[in-house]
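Encoded as structure tokens, the structure appears first; notes follow it.
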Amino acid sequence: MTKNADSKQTQNQQFPIVFGRDEHNVSRNELSENALKVLYRLNRGGYDAYLVGGGVRDILLGQHPKDFDIVTNATPEQIKKLFRNCRLIGRRFRLAHIVFGRDIIEVATFRGHHKEDHSDKQKLSKQSEQGMLLRDNIYGSIDEDAERRDFTINALYYSIKDFKVYDFANGVADIESRTIRLIGDPETRYREDPVRMLRAIRFATKLDMDIDPKTREPITSLAPLMANIPPARMFEEYMKLFLGGKALENFDMLAEYELLQYFFPHISEDIKHNSDGNAAKFVRTVLRNTDARINQGKRVTPAFLLAAVIWHRIESQIQVFTEQHNMPYQDAFFTAMHEVMSEQQRCIAIPKRFQLPMKDIWFLQQKLEQREPKKVFKTLEHPRFRAGYDFLLIRSEIEQGDLVELANWWTHFQEATPDTQQQMLKSFRPTRQRRRRNPRKRKKAAE
Ligand code: ATP
Ligand code: MG
């Protein structure tokens, strides 16, 4: 692979660098059947068709791509004419989705450059005052398309016509030196789309690569641009960063580059001031467990992680409401849950299907403290008991104190025979002071 590249890489490099079919390891066996179908049909329809982006990059790295992105010179309307199972989507980027049951192959049309003087193109392309691209539907040639891509390693095209890899930005060399490098001027590219800062971090951890100094350097100073990203897009990025098996590394790197606060403002503040505190330890433990599960191919609930990252904020708000506003504990708990959730929604739009289980997990933290016989069995029957109990276990590991006894009690209770369970319930003496979260009230009661 290198031989060809080296011989062609001179100071005045002519792009693309072309790798013949015996000079790279991208083979049709590595592509999904559906991706191949789409490529072939576009090609037979008289259009150019390439596999691009993560698909080519990951195969070159010896990994298995998680999806296949296809690009063509056919317009979305022309693509729609070729495929019965085609849906056109997107406003910011107009794309075709070719739907095969649950598998969706995304097909994009080559994107062109934005020329500010073309008033007739205003409807197709739009830029915000900060230079951010709001609409990007100008079609172009393959070279223009390559320049519009984010990183050099993502501007590699595998052609279905000749099985060659076309490298438009020295991406193969960067794959070999394991470098994440933006195409073009980094500051301009981040201003166009600040999410590229997140993508730089995600690819660095996912592919175990380093971010090139010029690509890395502007990130912290441009981080405030993240505030312009709609919460729905932030949620998509959250999923990619935190549910891809590298959550802990991404969390630390986001914090290092001052990007974490745009996802989770409170934990971000917390770790800045107290990186060894219980809140940070708790979140790190949950992130580590999540990564381990994902890397073992086990399922994870996105809600559990979200519930954990925000938990310390709920606890501190409960304390504020009980101590400063004299609210009863139960009311304070619900008010905190509500407020913190809406506060969080302003950063990342968490879908309802995750909000409900998050609230259940939090709510169960309170329920698990109550060991009156009737309540215990009700808690045990709660559909999300398992998640709530797992959450308690991790809290007890970190916080120690009363929580260890509580967590152990629930562990034993679940394993115990009905007789032993009855004994455990009888011998348990509820004490009012158990409400650890309300130290001031306890003091008052003691006076
Ligand atoms: P993965 O699918 O493993 O997350 P990917 O590189 O395929 O990685 P996608 O988000 O699927 O990432 O995007 C496909 C391709 O589209 C990228 O490889 C890149 O070329 C281009 N692309 C995606 N997002 C951007 C962006 N914000 N700016 C410029 N190009 C982008
Ligand atoms: Mg992809």
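Nothing in this text is a laboratory measurement; each read-out follows from the coordinates by a stated rule. This structure is a prediction, so every number in the text was calculated from the model and none was measured. As a convention, Cβ positions derive from the backbone with ideal geometry for all residues, glycine included, and neighbour counts pool all protein chains shown.
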TODO: Rounded to whole Hz and in sequence order, give me ³J(HN,Hα) for the stretch 65-78 from the Karplus expression 6.51 cos²θ - 1.76 cosθ + 1.60, θ = phi - 60°, writing x for Gly and Pro.
DONE: x, 8, 8, 10, 9, 10, 10, 8, 8, 6, 6, x, 5, 5
TODO: Please give the net charge around S396, taking every other residue with its beta carbon less than 9 angstrom from that of S396, where Lys and Arg add +1 and Asp and Glu add -1.
DONE: -3
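Can you put V56, V309, V18 in order, fewest other beta carbons within 10 Å first? Before the final figure, lay out the partial values.
Values: V56 29, V309 25, V18 15.
Going from least to most buried by this count: V18, V309, V56.
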Task: Per principal axis, descending, Cα span of the chain in whole Å - done: 82, 47, 41
Task: Nearest 10 degrees, 0 to 90: helix 402-415 Cα axis against the chain principal axis - done: 80 degrees
- [ ] Note down the nm distance, to one decimal, between modelled labels 7 Å out along Cα→Cβ at F428 and at V320.
- [x] 3.2 nm
Open item on the list: What do you get for GluC sites (Glu not before Pro) in the stretch 189-260 restricted to DSSP loop and a cutoff of at most 13 other Cβ within 10 Å of the site's Cβ?
Closed with: none
TODO: Quick one: angle between helix 418-427 and the longest Cα principal axis of the chain, in degrees between 0 and 90, rounded to 10, please.
DONE: 60 degrees
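With a 10 Å Cβ neighbour count serving as the proxy for reagent exposure, in which order, fewest first, do M424, M239 appear?
Lowest count first: M239, M424.
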- [ ] Quick one: angle between helix 33-44 and the longest Cα principal axis of the chain, in degrees between 0 and 90, rounded to 10, please.
- [x] 30 degrees
